[in-house]
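K.L.:
Below is a structure I'd like to ask you about.
The values are calculated or read from the model by the stated rules, or taken from the named source; none is laboratory data. Computed from a predicted model, the values in this text were never measured in an experiment. In this analysis, Cβ positions are derived from the backbone assuming ideal geometry, glycine residues included, and neighbour counts consider all displayed protein chains.
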Amino acid sequence: MKVCRAIWSHCHCKQVSEWNHQSVLLHEAIAALQLKPEGVYVDGTYGRGGHSQLILEQLSSEGRLLVVDKDPTAIASASQAFGDDPRTYIYRGSFADIGHAMAQTSWQRKVDGILLDLGVSSPQLDDASRGFSFRQQGPLDMRMNPEAGESAAQWLAHAEEQEIAHVLREFGEERFSKRIARAIVNAREAAPIDTTQQLAAIVAAAVPTREKGKDPSTRTFQAIRIYINHELDDLQTCLEQSVDLLAAGGRLVVISFHSLEDRIVKRFIRKQVQGDQLPHDLPVTHVEVNARLRSVGKPIRASENEIKANPRARSAIMRVAERL
């Protein structure tokens, strides 16, 4: 195992085994990759390694796995789990850097499969000190890499009301975005908003109606998290690099957890399947229109049994494409 030294730093964090994580659509994703023992694979969102573990179990000594995650706690978990495995290379950074990460491995081989399990992981949600959850009191941080960039609290302390409203509307699809933004700006004049439950209380007071079965803070927390972590921009960047990295027949497997992510994945795959936009009556092949992917099967959702065991699987949707 090698760790990319340029971005690895000592992690002052809780024991990596303290929080459990149930990988959603675990076996479905592994099946979709159509693993080859000698293949090269990328787990672009390591989390706690559920997918990586199953991939490695099916690889021979010639197989290779690139593990990517921006969260230092996830990287610590990967190092602990695969520290002695020569088939793995661990890269701390965003999956938006997937091309650079592959170049660091010096494997000089095309990739046979790329897996992206998007969104926030269970350990991140369950650790109150990370500030992802409105259900627990903690510092209002929300950074997947707490060593870089602005925290949610820092951003809310200076963002203009119009900017906050825009973020809540665009990344949370929050219909009360203006009311919430105004409430945040008014509240911060009295005292800094630096804890999760402070923000949750402000949102709850600003929202006039409730969605059945959903906390009024859900969309606000989602929107701020996506914004400060550049999640959608990073996803688009990763997808654009992935096609060039994949070998012919290589699979791209993406698990999304909300409509904004899934929309980006769906549109990207469709564009790569269609290739160049030419008149419909031209007799050309997929090669001649530069089609680069083919869509594999229908979108896959979690089974009722999985949702009962892990309610967070309810919104998951998996799309698969194959390199032509």
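K.L.:
Determine which member of the set Arg294, Arg263, Arg267 is in a strand (DSSP E or B), out of contact with any Lys or Arg (no Cβ under 8 Å at 6 or more places or on another chain) and at pLDDT 95 or above.
P.N.:
When all the criteria are applied, what remains is Arg294.
K.L.:
Still on this structure, please answer the following. For region 155-171, which residues satisfy the criterion of being in a helix (DSSP H, G or I) and within 18 Å of Asp141 (Cα to Cα)?
P.N.:
Residues satisfying the conditions are Trp155, Leu156, Ala157, His158, Ile164, Val167, Leu168, Phe171.
K.L.:
Please work out if Leu235 is assigned to a helix (DSSP H, G or I) and touching a strand residue (DSSP E or B) at 6+ places or on another chain (Cβ under 8 Å).
P.N.:
yes
K.L.:
Among the numbered criteria (1) modelled with pLDDT under 95; (2) under 17 Å from the mean Cα position of the chain (by Cα); (3) not hydrophobic (A, V, I, L, M, F, W, C), which single criterion is violated by Asn229?
P.N.:
Every listed condition holds for Asn229 apart from (1).
K.L.:
Would you check which residues across region 97-122 are under 20 Å from Leu26 (Cβ atoms) and under 14 Å from the mean Cα position of the chain (by Cα) and list them?
P.N.:
Ile114, Leu115, Leu116, Asp117, Leu118, Gly119, Val120, Ser121, Ser122
K.L.:
Now for a separate question. Yes or no: Val243 of a type outside the set (Ser, Thr, Tyr), in contact with a strand residue (DSSP E or B) (Cβ under 6 Å, 6 or more places away or on another chain), at pLDDT 95 or above and in the same structural domain as Ile30 (by TED's automatic domain parsing)?
P.N.:
No; evaluated as a whole, the condition is false for this residue.
K.L.:
Specify which of the listed residues (Glu163, Glu147, Glu170) is within 25 Å of the chain's Cα centre (by Cα) and closer than 26 Å to Ser315 by Cα.
P.N.:
Glu170
K.L.:
When region 194-212 is examined, which residues are found to be part of a loop (DSSP other than H, G, I, E, B), surrounded by 17 or more Cβ atoms within 10 Å (Cβ to Cβ) and without any contact (Cβ under 8 Å) to a residue 40 or more places away in the chain?
P.N.:
Result: Val207, single match.
K.L.:
Across region 156-179, which residue is surrounded by the fewest Cβ atoms within 10 Å (Cβ to Cβ) among those that are among the hydrophobic types (A, V, I, L, M, F, W, C) and in contact with a Ser or Thr (Cβ under 6 Å, 6 or more places away or on another chain)?
P.N.:
Ala165
K.L.:
Now a separate question. What are the residues in region 124-136 that are over 14 Å from the mean Cα position of the chain (by Cα), part of a helix (DSSP H, G or I) and not aliphatic (A, V, I, L, M), if any?
P.N.:
Asp126, Ser129, Arg130
Table: residues versus (1) crowded, with 18+ Cβ neighbours inside 10 Å; (2) on the phi > 0 side of the Ramachandran plot; (3) part of a helix (DSSP H, G or I); (4) aliphatic (A, V, I, L, M).
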| site | (1), (2), (3), (4) |
| --- | --- |
| Ala153 | yes, no, yes, yes |
| Ala183 | yes, no, yes, yes |
| Pro192 | no, no, no, no |
| Lys214 | no, no, no, no |
| Gln222 | yes, no, yes, no |
| Arg225 | yes, no, yes, no |
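K.L.:
Looking at Gly49, Gly44, which one is under 26 Å from Gly249 (Cβ atoms) and modelled with pLDDT of 95 or more?
P.N.:
Residue meeting the stated conditions: Gly44.
K.L.:
What pairs can you find where one residue is in region 292-305 and more than 14 Å from Ile317 (Cβ to Cβ), the other is of a type in the set (A, V, I, L, M, F, W, C) and assigned to a loop (DSSP other than H, G, I, E, B), and their Cβ atoms are less than 7 Å apart, with a gap of 6+ or different chains?
P.N.:
Filtered contacts from region 292-305: Arg292/Leu324; Leu293/Leu324; Arg294/Leu324.
K.L.:
Further question on the same structure: Output the number of the condition that Lys110 fails; it satisfies all remaining conditions of (1) surrounded by fewer than 23 Cβ atoms within 10 Å (Cβ to Cβ); (2) out of contact with any strand residue (DSSP E or B) (no Cβ under 6 Å at 6 or more places or on another chain).
P.N.:
Here Lys110 meets the rest and fails (2).
K.L.:
Looking at the structure I just gave you, is Ala313 of a type in the set (A, V, I, L, M, F, W, C), modelled with pLDDT under 95 and over 29 Å from Asp97 (Cα atoms)?
P.N.:
no
K.L.:
Quickly run through region 63-86 and pick out the residues that are in contact with a helix residue (DSSP H, G or I) (Cβ under 9 Å, 6 or more places away or on another chain) and surrounded by fewer than 18 Cβ atoms within 10 Å (Cβ to Cβ).
P.N.:
Passing the criteria: only Asp85.
K.L.:
Moving on. Pick from region 34-62 the residues that are among the polar types (S, T, N, Q) and surrounded by 17 or more Cβ atoms within 10 Å (Cβ to Cβ): which of them is farthest from Phe95 (Cα to Cα)?
P.N.:
Among those that are among the polar types (S, T, N, Q) and surrounded by 17 or more Cβ atoms within 10 Å (Cβ to Cβ), it is Ser52.
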